[in-house]
Each structure stands twice: as C-alpha cells, then as structure tokens.
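J.: Here's a structure for you.
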Amino acid sequence: MKRRAVSSFVLFDVTYVDGSQTSHRKVPSAALTEPDAEAAVKAVIEAQDREIALASGRPRGAIKAVVRSRT
C-alpha cells in the first residue's frame, strides 16, 4: 500500500479591490509560519491568481483583503 504525502492547507476568503470575492482559497500551512504571515499568504494567493490568469486570459485585480475562512 502506498503512503500519501501529508500536506495541510488553510482556507482563505479573498476580497478584491473591484468588489469581487473568492472563497476557500487553499494556502499551504507553511506560509503561516513565515515572520510576516499575512504578506506570505497574500503572495501565495497572488501567485495562484497569476497562474489562473495565464490559463484563462482574464487577469484578476488587486487584492483588498484576505481573511481566514470559517469552515
């Protein structure tokens, strides 16, 4: 039987400057151990947004707020 790699994520809700929102964005829990965790989480989500924009051809706006999801 194969062992699964253990990876843990934390979910965040994101609000953009244009008023749009996304929910339950996965961020590796390792980002929360950084000295400036809020900036690290925002950087991870911005990197995800860039990848999504490349695939879809529709860029995302700037992030206004990032809040940990209640699940």
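The values are calculated or read from the model by the stated rules, or taken from the named source; none is laboratory data. Just so you know, these numbers come straight off a predicted model, no measurement behind them. Every residue, glycine among them, receives a Cβ derived from its backbone with ideal geometry; neighbour counts consider all protein chains shown. Surface accessibility is based on the protein's heavy atoms, side chains included, excluding ligands, DNA and RNA. Shrake-Rupley method; radii C 1.70, N 1.55, O 1.52, S 1.80 Å.
J.: Summing +1 for each Lys or Arg and -1 for each Asp or Glu, what net charge is found among the other residues whose Cβ lies under 13 Å from the Cβ of residue 69?
T.: Overall, the nearby charge balance is +3.
J.: Here's a follow-up. Rule-of-thumb check for the chain: C-alpha Rg over 2.2 N^0.38 Å?
T.: 1.22
J.: Also: Would you list 46, 34 from the most to the least accessible area, probe 1.4 Å?
T.: 34, 46
J.: OK, next. Which distance in nm do the two modelled labels at residue 53 and residue 65 give, with both placed 7 Å along the Cα-to-Cβ direction?
T.: My value for the distance between the label points is 2.3 nm.
J.: About the Cα centre, and with charges only on the beta carbon of Lys, Arg (+1) and Asp, Glu (-1), how big is the dipole of the chain? Nearest 20 debye, please.
T.: Magnitude of the dipole: close to 440 debye.
J.: For the chain, give the percent of accessible area contributed by carbon and sulfur heavy atoms, probe 1.4 Å, rounded to a whole number.
T.: 52 percent
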